[in-house]
Amino acid sequence: MKERVVMQLDALPMHGRGSDSPTMWGTLAFMLLEGSAFALCIGIYLYLLVLAPQWPIGALPPRWPAGTVMTVLLLASLVPNYLVGRWSRENDLARVRLGMVIMSVLGIAPLIVRVFEFRSLNVWWDTNAYGSILWLLLGLHSMHIATDVADTLVLGVMMFTRHGSNSRRMGDVEDNVLYWNFVVLTWLPIYFCIYWIPRL
Amino acid sequence: MSAPRSQPVNDTQLDSAGLARRLSQTWATPKGLWGALTTVDHKIIGRRYVVTALIFLALGGVLALLMRWQLARANNGLIGPDLYDQIFTQHGSNMMFLFAVPVMEAMGIYLVPLMIGTRNIAFPRLNAYSYWLYLAGGLMLWISFALDMAPDVGWFAYVPLSGPQFGAGKRSDIWAQMITFTEVSALAVAVELVVTIFKQRAPGMTLQRIPVFVWAMLVTSFLIILAMPAIMVASTSLILDRLVGTHFFNPAEGGDVLLWQHLFWFFGHPEVYIIFLPATGMISAIIPTFVRRPLVGRLGLVLALIATGVLAFGLWVHHMFVVGLPRLGESFFTVSSMSIAIPAGVQIFCWLATLWDGKPVMRVPLLFVIAFLVTFVIGGLTGVMVASVPFDTQVHDTYFVVAHFHYVLIGGAVFPLMGALYYWFPKFTGRLMSERLGRWVVSLVFVGFNLTFFPMHILGLEGMPRRVYTYSEQMGWQSLNLLSSSAAIVLAAGFALFFIDLLRSLRRGEPAGENPWNAATLEWATASPPPSCNFVHIPVVTGAEPLWENPETIEVAEGLRADRRELLVTSLTEARPVARESSPRNTIWPFLAAIATTVMLIASIFTPWAMVWGAVPLAATLIGWFWPKGTPEDES
Amino acid sequence: MNKLRHALMVLLVIGVSACEREHRDLRQDPPVSAALESVATMPNGIAGAPPDVYSALNKPFASNAYSLNQGKQLYSWFNCKGCHADGGGAAGPAFLDGWWRYGPGLVSIFASIRDGRPAGMPAFKDRMTTDQIWELAGYVQTIGAYSGKTAAPSRNDEMQSRPSENRAPATVSVNDP
Amino acid sequence: MSLARLATGSLVCLSCTACAGWQSALEAHGTPATGLLHLTWLLFVVGALVWICVMAILVLALRSRAAISTQATATPDTRVERRLNRAVTGAVIATALIVMGLTITSFWVARVLSPESSSPLRIRVRGYQWWWQVTYLDARPDRTFITANEIHVPSGRPIVVELSAADVIHSFWVPNLAGKQDLIPGRDNTLQFTAREPGTYRGQCAEFCGLQHAHMAFLVIVDPPEQFEHWREAQLAPGASPGGTQEQQGQRVFQSKACAACHTVQGTSAAATVGPDLTHVGSRRYIAAGLLETTRGSLAAWIADPQTLKPGTNMPMVPLNAEELNAVSAYLVSLK
């Protein structure tokens, strides 16, 4: 077919940021996917709760200190997270490097606290269905923290290499910031489910 | 800084022949094994997906013939119960997870980028990874079948039969792990399609101008994203119950047997719409071309797609009408199950109106559309019948339901798929499939299908339950089963002829130009088979039927670079150009990551620690995958 | 070329072993069952040699998932729980601690079940068929196993009393909380 | 043409197989099956009418022909477009009305068919892997008894079957009398029906439950009320003591061999509950859950080699010599 040129594209930037970046939309889609998995696990928790004559089954409710420390830690990490997002939008390499180090630390800390959380659940995964769903919920969220921390660490190291000064990497930092917000926000309903519903 | 970068070459600096040569070199996939393992071209991966899925269709079909042979006579000794259980479970799991969903997604992978005028799918490396994972899952299931350790608990593996106490050995674990393989690959493709359709449409392709097939793939992708996590949570908890002793489905320790059915069918019913909606998209693409006029009620069709997608999540309990749920719950699901017939009605009537006003061209793709309309309406009506709770108590888990879902799956999805393959085969290979053989295929398949599955409605009402490996001669089911079994041979002959035509036309098919059917959508604006970069210049769209509005010339945009892989990112609703995004080159990392995932998943059937030490190589391959390679695609 | 042949050989071996573990042998020919009866026990009735037909059958009762699962069903059907509980031991001795008063061998467990033992273990010679006794013996051996077999059965849909046989060694985790 | 041949073919098959319909939903001998049969015919007629209308539209729409090369009309004129849109909207509204009508009919039928009736006969059916344990309850404990695979009920009286599962999910379904209801481990379901006229109606497990799901049948034998009471008294009596010498030897073999370790015969030392209760096995029409008619020969064949007849069954192959086998089968068939 003959072609008739009606539009020139060379003025466009070589890499879109924010809602123009396909990777941001990809992150959103994966958040929707994992969000529905979390919602289903909370659904299972409530389904088993409704069925059980007494909840929690044959165990004391989990000791809440470790979980609360985790929640405070995660919510606190939102502040540096927001800053890193803003610095990356401004392509400020020095501050982003600092921010990534902070976010790496603020990613590993929850994993350590999470070990204490597992010990304060007062139930094993194979004790009964209550224990099983508790460990599934906590395990699934821990996996998401671990994968996001690994992503933050790799991205952090990358910012210190020659690849760091590329605006594409700044886009990746923005996506990582977006995903960490998701990891923190999905923790809130799980926290309420695990620690406070048995005490209602 | 790194080695001095070569001067950027813009497509405006080259003449059209030089540009085509340079682009095909930039987007090329090397020949040989290394090229095959590292390709990220959506056309190669899409074609590979379709071929693999069709091989699984053929294998599953052979299993169906074995079942029909065993059921042809009462008290037949051909196949024992253990092998029969493996065969019907393998037939079901293979058709649903290894053929139907992947082949519909594969048609999307191949066609969506071409129909929206872009050069590759979004996240092409993820696309390669998804194929390798799908292939690994398929091989695992079929090798287990060859080793007499295939799952034997039915394609929906109800607990407690598939649970820790009654599911001896590793058979149910293999089923659950096959789910993990196919679901991760399906989710990956769904994410790619959503982002491709949202962000990489040709300039000017507003929401009203998106082809209905692309709308169908978009709604299907959202169905996958929201439904598949349910089956992944279900199969994960089943493996945890069997391997580390959790109690999700153990009634004695607070679990519940029905929790499995709720989780499975919350995914199960959207799954059948994940298979059906792309088929409606194919019908909506074939009909306009073969009646020489645009679709009637295009907006109605798109809204019907969305309505079907939303309603699909609200009717899973109609699979559980006889498990003793409270009557109020069941009646809610009767309403939702019946009401999903309305969007289906909208689609059927829009197609009929288009056929009514158009000038039908009796070529093979339209014959398959007619076969679809005749068969699917029967399937849809029996669907409305089983939505009624009292009637369902008589026909649930009988051959009536087997007949219903074959009418809506073979009639509703495989017929449109075969029509679509006849329709797009020239675009895939540059050659037309044979019209003469095609007519034989349609008639054999149509007659064979109806004579095989219509008697099953009667068998079901006469009390023949599902999944029985034999029956006694006193039951009076002998003659209908014999009719069904002999007709299955006609159906198999039809499919065999279809595969023969497919293979024969690869070399000896009549060469087809760019647009053999004078169709309207963008994929017919480029060569057949399309060059590696799809479009030398990105097309600009001004109407819903671009090639019918100006048949001779096509408006294009220029300004993309030719020395690196570039495609256009546009805004979500108006498709305004916003950026020149790069598309990754060939890379081996997705293949290595898929191998690491496969090793981890298969090893985790035997020991839970495999998830821990298996994660290390997986992390390594993922880091290798994402680490920037310093190619021109990385500039910004 | 021999690298490929070597890889195929490895796959074949894995395949055959998987085949053995997962095969459902529903019917034992009567002569084979009769042959399985002839166990040569030592004079004190503790250890002994299995009949050679047992190894000809490729030792199904210790490695076949279906026969171990049937053994677990027989364990609850014939009320072994009455004296041995879930393996923790009550009136009868425990199996979980991995200490076998009459030896850990499959033959001595078979002999214990078939001929009974002095301190109160009844003889099941006329109460169970030979295949059933072998299946039960194979299963009882997995309760006290130190490392979980791939073919070992998983938990029952009953109250949880201890980690299931496929999560051996049960002894270690039974003691801590 | 193929459709016409198909329709006549299926109608012919329909007629000749209806005679053996003792497990067919198309033969109703009780409530709610009769109501369900009417609903089936209604749904079939409505469905057939809708299908015929749609096919008529399709055939008429395909009457004109064209070649693929004919020029496509990119923008058809709006008047035709508006007329077609109105036709489609009309058809969709018709679909909605039909669907609403069917929904309301379904609710009405569901409500009509499940009346709460007074003083039903309560029978407890418990599903095992691949047979049915039937327990007749009574106010006085000594008048409750256990049987297997065959359920006698009085005609004309409402029956409530309490369903529970011992291992996996099964489904209790006797199409001539009622729709199916699942037996779910950990849950108690009930099914209610009333048999109108006496007769023998066959049912079968309808939820895949493992190797022998195909041979897990049961009979519902509807007797006139006084014949039912007579049968019930007979079932309460302990097992008949063996008459002839062969039957006595059979009883001795039964008690000494592995049989007594799984089965119960009331009034004898055999009291194990792993397998079905054999106190009145001779009076049942079938053995092994509807697999074989009850005769001395079938009993001998079943005891001699159960795995060949029902591969995967939990019944072991107890080694008996010919004389013991004859004696045991004579004894069992004498337990009327």
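Would you check if B:Met418 is within 30 Å of B:Pro529 (Cβ to Cβ) and in a loop (DSSP other than H, G, I, E, B)?
Working: within 30 Å of B:Pro529 (Cβ to Cβ): yes; in a loop (DSSP other than H, G, I, E, B): no.
When the stated conditions are applied, B:Met418 does not pass them.
Taking the stretch B:498-513, which residues are surrounded by fewer than 18 Cβ atoms within 10 Å (Cβ to Cβ), in a helix (DSSP H, G or I) and touching a Gly at 6+ places or on another chain (Cβ under 9 Å)?
Matches in the stretch B:498-513: none.
Examine the stretch D:120-133 for a residue that is in contact with a strand residue (DSSP E or B) (Cβ under 7 Å, 6 or more places away or on another chain) and among the polar types (S, T, N, Q), and state whether such a residue exists.
yes
A quick yes/no check of all residues on (1) more than 7 Å from chain D (Cβ to nearest Cβ); (2) at pLDDT below 95; (3) surrounded by fewer than 24 Cβ atoms within 10 Å (Cβ to Cβ):
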{"site": "B:Pro288", "(1), (2), (3)": "yes, no, no"}
{"site": "B:Gly297", "(1), (2), (3)": "no, yes, yes"}
{"site": "B:Val310", "(1), (2), (3)": "yes, no, yes"}
{"site": "B:Gly314", "(1), (2), (3)": "yes, yes, yes"}
{"site": "B:Gly324", "(1), (2), (3)": "no, yes, yes"}
{"site": "B:Leu328", "(1), (2), (3)": "yes, yes, yes"}
{"site": "B:Met338", "(1), (2), (3)": "no, yes, no"}
{"site": "B:Phe368", "(1), (2), (3)": "yes, no, no"}
{"site": "B:Pro390", "(1), (2), (3)": "no, yes, no"}
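Run C:Gly82 past the list (1) surrounded by fewer than 22 Cβ atoms within 10 Å (Cβ to Cβ); (2) under 15 Å from the mean Cα position of the chain (by Cα); (3) assigned to a helix (DSSP H, G or I) and report the number of the one that doesn't hold.
The number of the failed condition is (2).
Residue-wise test of (1) within 17 Å of the chain's Cα centre (by Cα); (2) under 16 Å from D:Gly312 (Cα atoms); (3) without any contact (Cβ under 8 Å) to a residue 40 or more places away in the chain.
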{"position": "C:Gly15", "(1), (2), (3)": "no, no, yes"}
{"position": "C:Glu20", "(1), (2), (3)": "yes, no, no"}
{"position": "C:His23", "(1), (2), (3)": "yes, yes, no"}
{"position": "C:Ala35", "(1), (2), (3)": "no, no, yes"}
{"position": "C:Pro51", "(1), (2), (3)": "yes, no, yes"}
{"position": "C:Phe61", "(1), (2), (3)": "yes, no, no"}
{"position": "C:Ser67", "(1), (2), (3)": "yes, yes, no"}
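Do any residues in the stretch B:514-534 that are without any contact (Cβ under 8 Å) to a residue 60 or more places away in the chain have Cβ atoms under 7 Å from those of residues that are in a loop (DSSP other than H, G, I, E, B) and polar (S, T, N, Q), where the two are at least six apart or on different chains, and which pairs are they?
Partner pairs satisfying both residue conditions: B:Glu514/B:Thr526; B:Glu514/B:Ser528.
Of these, C:Gly45, C:Gly71, C:Gly98, which one is within 16 Å of the chain's Cα centre (by Cα), touching a residue at least 24 places away in the same chain (Cβ under 8 Å) and closer than 28 Å to D:Met317 by Cβ? Break it down stepwise before answering.
On the way: C:Gly45 fails: within 16 Å of the chain's Cα centre (by Cα); C:Gly98 fails: closer than 28 Å to D:Met317 by Cβ.
Matching residue, one of C:Gly45, C:Gly71, C:Gly98: C:Gly71.
Which of the strands (runs of 3 or more DSSP E) contained wholly in the stretch D:135-188 include at least 2 residues that are surrounded by fewer than 22 Cβ atoms within 10 Å (Cβ to Cβ) and in contact (Cβ under 8 Å) with a residue 40 or more places away in the chain?
Where strands (runs of 3 or more DSSP E) fall fully within the stretch D:135-188 and carry at least 2 residues being surrounded by fewer than 22 Cβ atoms within 10 Å (Cβ to Cβ) and in contact (Cβ under 8 Å) with a residue 40 or more places away in the chain, they are D:145-148, D:150-154, D:158-165.
Could you go through the stretch B:470-493 and let me know if any residue there is under 30 Å from B:Pro81 (Cα atoms), of a type in the set (Asp, Glu) and part of a helix (DSSP H, G or I).
Checking the stretch B:470-493: at least one residue is under 30 Å from B:Pro81 (Cα atoms), of a type in the set (Asp, Glu) and part of a helix (DSSP H, G or I).
Can you tell me which residue is surrounded by the most Cβ atoms within 10 Å (Cβ to Cβ) among those in the stretch B:552-582 that are without any contact (Cβ under 8 Å) to a residue 12 or more places away in the chain and not hydroxyl-bearing (Ser, Thr, Tyr)?
Result: B:Ala579.
So which residues in the stretch A:124-154 are within 15 Å of the chain's Cα centre (by Cα), of a type outside the set (Asp, Glu) and either within 11 Å of another protein chain (Cβ to nearest Cβ) or on the phi > 0 side of the Ramachandran plot (or both), if there are any at all?
A:Leu137, A:Gly139, A:Leu140, A:Met143, A:Ala146, A:Thr147, A:Ala150, A:Leu153
Can you name every residue in the stretch B:617-636 that is more than 8 Å from every other protein chain (Cβ to nearest Cβ) and assigned to a helix (DSSP H, G or I)?
Matches in the stretch B:617-636: B:Pro617, B:Leu618, B:Ala620, B:Thr621, B:Leu622, B:Gly624, B:Trp625, B:Pro632, B:Glu633.
Residue by residue, here is whether (1) assigned to a loop (DSSP other than H, G, I, E, B); (2) in contact with an Asp or Glu (Cβ under 8 Å, 6 or more places away or on another chain); (3) charged (D, E, K, R); (4) surrounded by fewer than 20 Cβ atoms within 10 Å (Cβ to Cβ) holds:
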{"position": "B:Ala20", "(1), (2), (3), (4)": "no, no, no, yes"}
{"position": "B:Pro30", "(1), (2), (3), (4)": "yes, no, no, yes"}
{"position": "B:Leu37", "(1), (2), (3), (4)": "no, no, no, yes"}
{"position": "B:Ile45", "(1), (2), (3), (4)": "no, no, no, no"}
{"position": "B:Asn76", "(1), (2), (3), (4)": "yes, no, no, yes"}
{"position": "B:Met95", "(1), (2), (3), (4)": "no, no, no, no"}
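Pick out the one residue from B:Thr597, B:Thr587 that is assigned to a loop (DSSP other than H, G, I, E, B), surrounded by 18 or more Cβ atoms within 10 Å (Cβ to Cβ) and among the β-branched types (Val, Ile, Thr).
Testing whether each residue is assigned to a loop (DSSP other than H, G, I, E, B), surrounded by 18 or more Cβ atoms within 10 Å (Cβ to Cβ) and among the β-branched types (Val, Ile, Thr) leaves just B:Thr587.
When you look at A:Pro80, is it part of a helix (DSSP H, G or I), out of contact with any helix residue (DSSP H, G or I) (no Cβ under 8 Å at 6 or more places or on another chain), more than 7 Å from every other protein chain (Cβ to nearest Cβ) and in contact (Cβ under 8 Å) with a residue 12 or more places away in the chain, yes or no?
no
Checking the structure you have, find out if any residue of the stretch B:603-610 is more than 13 Å from chain A (Cβ to nearest Cβ) and either in contact with a strand residue (DSSP E or B) (Cβ under 8 Å, 6 or more places away or on another chain) or buried (at least 18 other Cβ atoms within 10 Å of the Cβ) (or both).
yes
The values are calculated or read from the model by the stated rules, or taken from the named source; none is laboratory data. All of these numbers come straight from a predicted model, not from anything done at the bench. Backbone-built Cβ (ideal geometry, glycine too); neighbour counts: all protein chains shown.
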